[in-house]
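Report on the following structure.
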Amino acid sequence: MTAGAQAPGTGTRPGYPGERAYATATRVFNLAAPARPAAAVTVTSVAEVRRALDHARAEGMGVRVHTTGHASAAVAPPTGALLLRTRFGDPVTVDAAARVARVPAGATWGDVVPAAAEHGLAAAHGSSALVGAVGYLLGGGVSFYGRRAGLAVNTVRAVELVTADGAHRRVDASSEPELFWALRGGGGGFGVVTAVEIELFPAAEVVTGAAFWPAAQAPELLARWLSWTRGAPEEAATSLRILHFPADAPLPPSLRGGPLVCVDGAVLAAESRDAGRARTIAADLLRPLRAVAEPVLDTWRPGPAAAVLSAHMDAPEPLPFRGDHLLLRDVDGDAAAAFLRLAGEGSGSPLVLAGFRQLGGAFARPAPGGGALTHVDARFAYLGSGAPFGGVTEDDLRDHCTAMRAALTPWDSGWTIPSLVEDAARPQRHLDVPAARAVHRVRTSTDPDGLFTGDIARGARTPL
Ligand SMILES: Cc1cc2nc3c(=O)[nH]c(=O)nc-3n(C[C@H](O)[C@H](O)[C@H](O)COP(=O)(O)OP(=O)(O)OC[C@H]3O[C@@H](n4cnc5c(N)ncnc54)[C@H](O)[C@@H]3O)c2cc1C
């Protein structure tokens, strides 16, 4: 079949370069890694997925899947493949009694969080309303609720997907336990997920927000924050980042004028009776930090669970970014000093943001009945990323990421979480050899011809 001809038995024809359907289906959030597959189609139903798979087979193309393209730099480019953008139109539904939400592929956390909040419930969602729920969940999912809830992937109760044979399956712990296990953190490449069912939990109130100080205060703030993390209750999860915003960034006036340190996160009060405790935990976190210096902006306050989606102040629009991620066994005084030398005030860092997400708690415990990725044995996730503009080049960013990796080597666990990986070219690993082998066996029985091979995360490709 030639490019542009109708796929066998289809009404929705994949688009080719230059066509509008191609432009729509290849939109990505990370503009530094545009998707340039051979063909692309937006799928909104199981029937359309099946037609697309038929088309890929007829054309001899592999199949890649995405939703928002937040991870477009974190996965191998979809060269030569048919790229499916999943955008199922059915609404997020919540069974409040069972505390389960059914989330169609294409839904973002901005769709899920308000639907759950109507029932006083929350999901183990990420920091951005724009991130796709399915991609985040399949890749692990690090939530500000995660020190209580664990990796978000293990809150998945069922996965609906179209596999390479065209079958639409609903996979859960009792129907297809091996596939269900492998889907949860196995690194992808099993098919096109059309919906997931996820566990929700009560969230009566959340103390959330972000406090900012001039970066000159970073050494003392980082020391105090690290000290607080050592005994922090599991209701709380936070991050500390150094921010170098571009001069023309659309920011409140108080955040202009130089690099900043930001401490943000959330403290969960599951029931109303826990609200006092959550406020005390937040006060214990913030009191020693506010004592270092008055923040230039401080938005921490009690509020509804939905407010957690805006605390981290993630980018509201697609933009180009390049970065890196490591899982650190610990961050001690020497690690903090090494980090500040490369990211602190006067370092000349080209990164817009660099810092640590607090792990531990339920993140570090194997989830009972969990999937291929049950937990992470690390106290902190390092994340750093920048934008190749305003005089900063891709080489500047790459060189800085390399230097930061070298500086943090003594604390680097050697593991990564797929949802936090920023750059497909950097070393990544999230499965040990027995788990990678077990996932590989499930994958080859589900997709014997390797239609979805290009969709496998590099961190799951442990040598077999
Ligand atoms: C601003 C920002 C904030 C973020 N915050 C967090 C955070 O707090 N915690 C965290 O853990 N991560 C976070 N991330 C990372 C984010 O979770 C990952 O980039 C995630 O992969 C995004 O999923 P997506 O579907 O939106 O992205 P996409 O790039 O569309 O998809 C990523 C991958 O998911 C798979 N996938 C997506 N849809 C389907 C489908 N329907 N069927 C099968 N496979 C599919 C594919 O393998 C695809 O390559 C953030 C990223 C950004 C840019």
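If you go through the range 190-222 and keep only what is over 30 Å from ASP284 (Cβ atoms) and not polar (S, T, N, Q), you end up with PHE190, GLY191, VAL192, VAL193, ALA195, VAL196, GLU197, ILE198. Taken over the range 78-89, the criterion of being touching a residue at least 60 places away in the same chain (Cβ under 8 Å), more than 9 Å from the ligand (Cβ to nearest atom) and either closer than 17 Å to THR12 by Cβ or part of a strand (DSSP E or B) (or both) is satisfied by LEU82 alone. There is no residue in the range 313-325 that is open to solvent by less than 70 Å² (accessible area, probe 1.4 Å) and over 24 Å from CYS401 (Cα atoms). Among the conditions (1) within 13 Å of the ligand (Cβ to nearest atom); (2) open to solvent by 40 Å² or more (accessible area, probe 1.4 Å); (3) in contact with a Gly (Cβ under 7 Å, 6 or more places away or on another chain), SER385 misses just one, which is (2). The number of residues in the range 248-276 that are surrounded by fewer than 16 Cβ atoms within 10 Å (Cβ to Cβ) and modelled with pLDDT of 95 or more comes to 4.
Annotation for the range 201-224: no member residue is touching a Lys or Arg at 6+ places or on another chain (Cβ under 9 Å) and near the ligand (Cβ under 10 Å from one of its atoms).
Checked against (1) part of a strand (DSSP E or B); (2) within 8 Å of the ligand (Cβ to nearest atom); (3) of a type outside the set (D, E, K, R), ALA101 passes all but a single condition, namely (2). Inspect the range 146-154 for any residue being in contact (Cβ under 8 Å) with a residue 60 or more places away in the chain and over 25 Å from VAL421 (Cα atoms) and give the result as yes or no. No, the range 146-154 has no match at all. Restricting VAL75, VAL28, VAL65 to those that are within 10 Å of the ligand (Cβ to nearest atom), out of contact with any helix residue (DSSP H, G or I) (no Cβ under 9 Å at 6 or more places or on another chain) and either open to solvent by 10 Å² or more (accessible area, probe 1.4 Å) or not in a strand (DSSP E or B) (or both) reduces the list to VAL28.
Of the residues making up the range 128-149, those that are in contact with a Leu (Cβ under 9 Å, 6 or more places away or on another chain) and more than 18 Å from ALA115 (Cβ to Cβ) are LEU138, GLY139, GLY140, VAL142, PHE144, GLY146, ARG147, ARG148. Suppose the filter is farther than 30 Å from LEU221 by Cα, in contact (Cβ under 8 Å) with a residue 24 or more places away in the chain, open to solvent by 70 Å² or more (accessible area, probe 1.4 Å) and part of a loop (DSSP other than H, G, I, E, B); does ASP449 pass it? Yes, satisfied. Can ALA122 be described as in contact (Cβ under 8 Å) with a residue 40 or more places away in the chain, more than 10 Å from the ligand (Cβ to nearest atom) and open to solvent by less than 10 Å² (accessible area, probe 1.4 Å)? In short, yes.
Checking GLY348 against (1) open to solvent by 40 Å² or more (accessible area, probe 1.4 Å); (2) touching a strand residue (DSSP E or B) at 6+ places or on another chain (Cβ under 8 Å), only one condition comes out false. Which one? The number of the failed condition is (2).
Listed here are the residues, each with its yes/no results for (1) over 30 Å from VAL156 (Cα atoms); (2) surrounded by fewer than 18 Cβ atoms within 10 Å (Cβ to Cβ); (3) within 16 Å of the ligand (Cβ to nearest atom).
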{"position": "ASP334", "(1), (2), (3)": "yes, yes, no"}
{"position": "LEU359", "(1), (2), (3)": "no, no, yes"}
{"position": "ALA372", "(1), (2), (3)": "no, no, yes"}
{"position": "PHE389", "(1), (2), (3)": "yes, yes, no"}
{"position": "ASP412", "(1), (2), (3)": "no, no, no"}
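Within the range 363-392, the set of residues being in contact with a Leu (Cβ under 8 Å, 6 or more places away or on another chain) and not in a loop (DSSP other than H, G, I, E, B) comprises PHE363, PHE380, ALA381, TYR382, LEU383, GLY384, SER385, GLY386.
Evaluated against (1) more than 30 Å from ALA98 (Cα to Cα); (2) part of a helix (DSSP H, G or I), ILE281 falls short on exactly one condition, (1). Pairs meeting the criteria (first residue in the range 388-402 and more than 13 Å from GLY348 (Cα to Cα), second residue in a helix (DSSP H, G or I), beta carbons under 6 Å, at least 6 apart or on different chains) are PRO388/GLU394.
Of the residues LEU297, LEU353, which single one is of a type in the set (A, V, I, L, M, F, W, C), open to solvent by 30 Å² or more (accessible area, probe 1.4 Å) and within 14 Å of ILE242 (Cβ to Cβ)? Testing whether each residue is of a type in the set (A, V, I, L, M, F, W, C), open to solvent by 30 Å² or more (accessible area, probe 1.4 Å) and within 14 Å of ILE242 (Cβ to Cβ) leaves just LEU353. Here is a check on your reading of the model: is VAL113 over 17 Å from ALA306 (Cβ atoms), touching a residue at least 40 places away in the same chain (Cβ under 8 Å), within 14 Å of the ligand (Cβ to nearest atom) and open to solvent by less than 40 Å² (accessible area, probe 1.4 Å)? Here the answer is no, as VAL113 does not meet what is asked.
Condition check ((1) more than 24 Å from LEU221 (Cβ to Cβ); (2) buried (at least 19 other Cβ atoms within 10 Å of the Cβ); (3) among the small types (Gly, Ala, Ser); (4) more than 22 Å from the chain's Cα centre (by Cα)) across all residues:
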{"position": "LEU285", "(1), (2), (3), (4)": "no, yes, no, yes"}
{"position": "PRO288", "(1), (2), (3), (4)": "no, no, no, yes"}
{"position": "VAL292", "(1), (2), (3), (4)": "no, no, no, yes"}
{"position": "GLY303", "(1), (2), (3), (4)": "no, no, yes, yes"}
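Being within 12 Å of the ligand (Cβ to nearest atom) and of a type outside the set (S, T, N, Q) is the requirement here; does VAL156 meet it? No; evaluated as a whole, the condition is false for this residue.
Looking at (1) within 15 Å of the ligand (Cβ to nearest atom); (2) part of a helix (DSSP H, G or I), which one does ASP395 not meet, given that it meets all the others? So the condition that ASP395 fails would be (1).
The values are calculated or read from the model by the stated rules, or taken from the named source; none is laboratory data. None of the values given here were measured: they were computed from a predicted structure. Methodologically, a virtual Cβ is constructed for each residue, glycine included, from the backbone with ideal geometry; neighbour enumeration extends over all protein chains shown. Only protein heavy atoms, including side chains, enter the accessible area calculation; ligands, DNA and RNA are left aside. Shrake-Rupley method; radii C 1.70, N 1.55, O 1.52, S 1.80 Å.
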